[in-house]
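The values are calculated or read from the model by the stated rules, or taken from the named source; none is laboratory data. Just so it is clear, the model here is predicted, and its values are computed rather than measured. Positions of Cβ are backbone-derived with ideal geometry, glycine not excepted, and every protein chain shown enters the neighbour counts. What goes into the accessible areas is simple: the full protein's heavy atoms, side chains included, and nothing from ligands, DNA or RNA. Shrake-Rupley method; radii C 1.70, N 1.55, O 1.52, S 1.80 Å.
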Amino acid sequence: MKIAFVSTEIVPFAKTGGLADVSGSLPRELVKLGCNIKLFMPKYFLIDENLHGLKYSWDIGEMPIRINGIIRSVHVHQSKLPDSDIDVYFIDCPHYFHRYRIYTDDFDEDERFILFSKAVIETLQRLQWIPDVVHCNDWQPGLIPLLLKDNYGWDKAFDKTGTLLSIHNIGYQGRFSKSVLNSTEIRSDLFYPDGPVEQDGGVSFMKAGISFSDIINTVSNTYAHEILTAEFGAGLEKVLKQREEDLFGILNGVDYDVWSPETDKHLPFNYSIDDLSGKLKNKKFLLEHFDISFNKDIPLIGIVSRMVLQKGFDIFADAINDLMNLEANWIILGSGEDKFEDLFRRLSNQLPGEVGSYIGYNNELSHLIEAGADMFLMPSRYEPCGLNQIYSLKYGTVPIVRKTGGLADTIKDWDEENYYGFDHGNGFSFYDYTGYALYKTVERAVNTFKHKEVWKKIQTNGMNLDFSWERSAEKYLELYRLAKEKRV
Ligand code: ADP
Ligand code: GLC
């Protein structure tokens, strides 16, 4: 099976969140299952060409691509996913991609990803490498299924190419003005109220992806059901309902070569389920880095997150006084909206020696927090899958989560499970989206932490779980087959 995997962030080249982790790891597992897979992403200014061995692709040469009536000159660079033979193609158009951020609020954000989508298709043509399936991730390549069927429909080579759209987050939809029709040269008769590309009077890339891709999936079972409702569908629930038969949920896997306490290169002290002493040393190291004194009996709660409303920081703010009165230390890493960045900056200034924060992006620190913290908090309003709670399980760092999306599918509340007579709980969770529910649950975790044997059991229950990609990659393969069948 030949797969073109299209994503706007891929570890280790460029990352803002979990999509990059998924894009850098799922393809490796698909190769093991016999797929022939090529990856496509934009060549952003921030990608270090030398470090990643990018080479100009002379075979492909210059591709003139028309966007908004202007011909842009596009080139392609090539490299491999590290430690693999998997080709990665970087679409190079400095006019659109030499900016300081991966995603921008610039007026031509739509054009950036229209160009990217067209360039991916034209690269496939030039390579004469016709995939069985084009796998599009999130809204940015969302127009590809439509482009393949329409604008590039003249190229019969793609007649049997299926498309899969993976929705990693329905909250980000790529909604732009109606002018997208002109700049992309989309047939105007496709645009009408409630039609396949129209949303609130504009064009939605995500909606176009949902309407025109052969198969759709999202990144957990619970989220696949949630997005069919008005509460979680962010306005796309109706079109998703229409496509319900073709909508699937596949839980993300994780790459344990990168995220395992035994081998993690970023940790000063590696450790394993058989000997957790290294975890305690990491805790001490981490606390001292933030000038917080080490006490093994005071739990350390970690947060690593994009600081946006999705992640539940409004209810965190509601509960902040009660939370800070608990006997616990906090270390928070993240960046995002100003109001949340300010909140955490203020908190660590007001409570030095108890709360540490790092506002920004720091990969090494994210690993150290996973290893050094006793608990990991994710009070998300919604969470398509979430990777940090899964990493936390492997690091013996007990997750405290809101029961939604992938968090609900991976974290089993310790007390609830005990109530039913099981002892395989691996974390703490709450359902009501309120500061009070959040606070009571953190309080429950902090109290349970005092019972060392119980705590050890919760930790080892989590560490024993296996969320590697194997099972989920097989499910993707099955979806590729379904997408392909639709085109025969
Ligand atoms: P999302 O994709 O919604 O941000 P996920 O839990 O799926 O949430 O993935 C987040 C990924 O981004 C994890 O690998 C996490 O460690 C990483 N991450 C988030 N914020 C930061 C940050 N400030 N510094 C380093 N890594 C971060
Ligand atoms: C999105 C979601 C997150 C998910 C990630 C990878 O960014 O917010 O829940 O884990 O994509 O699929």
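Hey, could you check region 379-402 for residues that are basic (K, R) and within 14 Å of ligand 2 (Cβ to nearest atom) and say which is farthest from T218 (Cα to Cα)?
The residue in question is R402.
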- Item | Considering residues of region 98-115 that are aromatic (F, W, Y) and farther than 16 Å from I47 by Cα only, the residue most open to solvent (accessible area, probe 1.4 Å) | F107
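Each row is one residue, and each column tells you yes or no for (1) in contact (Cβ under 8 Å) with a residue 60 or more places away in the chain; (2) in contact with a Pro (Cβ under 7 Å, 6 or more places away or on another chain).
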residue	(1), (2)
P42	yes, no
S57	no, no
N68	yes, no
S73	no, yes
Y96	no, no
D132	yes, no
- Task: May I ask you to list the residues in region 269-308 that are of a type in the set (K, R) and part of a strand (DSSP E or B)?
- Result: R306
- When region 415-452 is examined, which residues are found to be more than 26 Å from F316 (Cβ to Cβ) and either part of a strand (DSSP E or B) or at pLDDT below 95 (or both)? N418, Y419, Y420, G421, F422, D423, H424
- Among the candidates S57, S73, which residue alone is within 25 Å of L147 (Cβ to Cβ), open to solvent by less than 10 Å² (accessible area, probe 1.4 Å) and among the polar types (S, T, N, Q)? S57
- Of all the residues that make up region 69-111, how many are of a type in the set (D, E, K, R) and in a helix (DSSP H, G or I)? 3
- List the helices (runs of 4 or more DSSP H) that sit entirely inside region 159-255 and contain at least 2 residues that are closer than 20 Å to K118 by Cβ and not hydroxyl-bearing (S, T, Y). 180-184, 205-212
- Could you give every pair whose Cβ atoms fall below 8 Å, whose first residue belongs to region 134-157 and is more than 22 Å from P384 (Cα to Cα) and of a type in the set (D, E), and whose second residue is open to solvent by 30 Å² or more (accessible area, probe 1.4 Å) and in a loop (DSSP other than H, G, I, E, B), counting only separations of at least 6 or pairs across chains? D150/R187
- All but one of (1) open to solvent by less than 50 Å² (accessible area, probe 1.4 Å); (2) within 16 Å of ligand 1 (Cβ to nearest atom) hold for S84; which doesn't? (2)
- Whichever residue in region 305-341 is among the polar types (S, T, N, Q) and either near ligand 1 (Cβ under 9 Å from one of its atoms) or crowded, with 16+ Cβ neighbours inside 10 Å (or both) and, among such residues, is nearest to P399 (Cα to Cα): S305
- Query: In region 255-285, which residue that is without any contact (Cβ under 8 Å) to a residue 60 or more places away in the chain and closer than 14 Å to Q459 by Cα is most open to solvent (accessible area, probe 1.4 Å)?
  - Reply: D274
- Query: For region 192-223, what are the residues that are under 18 Å from the mean Cα position of the chain (by Cα), under 23 Å from F5 (Cα atoms) and open to solvent by 10 Å² or more (accessible area, probe 1.4 Å)?
  - Reply: N221
- Item | Neighbours by Cβ (under 6 Å, 6+ apart or cross-chain): first from region 451-479, within 16 Å of E417 (Cα to Cα); second open to solvent by less than 20 Å² (accessible area, probe 1.4 Å) and assigned to a strand (DSSP E or B) | I458/V398
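Matching residues to (1) closer than 30 Å to K207 by Cα; (2) in contact with a helix residue (DSSP H, G or I) (Cβ under 6 Å, 6 or more places away or on another chain); (3) of a type in the set (D, E, K, R):
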site	(1), (2), (3)
V254	yes, yes, no
V258	no, no, no
N282	no, yes, no
G336	yes, no, no
E341	no, no, yes
- Message: Which residue is nearest to L479 (Cα to Cα), if the candidates are limited to region 235-253 and must be away from ligand 2 (no atom under 16 Å from the Cβ) and open to solvent by 40 Å² or more (accessible area, probe 1.4 Å)?
- Response: E245
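Might you check whether a residue that is among the polar types (S, T, N, Q) and away from ligand 1 (no atom under 16 Å from the Cβ) occurs anywhere in region 387-400? Talk me through it step by step, then tell me what you get.
Taking region 387-400 and keeping what is among the polar types (S, T, N, Q), we get 388-389, 392, 397.
Filter once more, so that each one left must be away from ligand 1 (no atom under 16 Å from the Cβ): none.
No, there is no match, as no residue in region 387-400 is among the polar types (S, T, N, Q) and away from ligand 1 (no atom under 16 Å from the Cβ).
Filter region 453-475 down to the residues that are of a type in the set (D, E) and part of a loop (DSSP other than H, G, I, E, B) and list them by number. Reasoning before the result, please.
Step one: filter region 453-475 for residues of a type in the set (D, E), giving 453, 466, 470, 474.
Listed by number, the list holds a single entry, D466.
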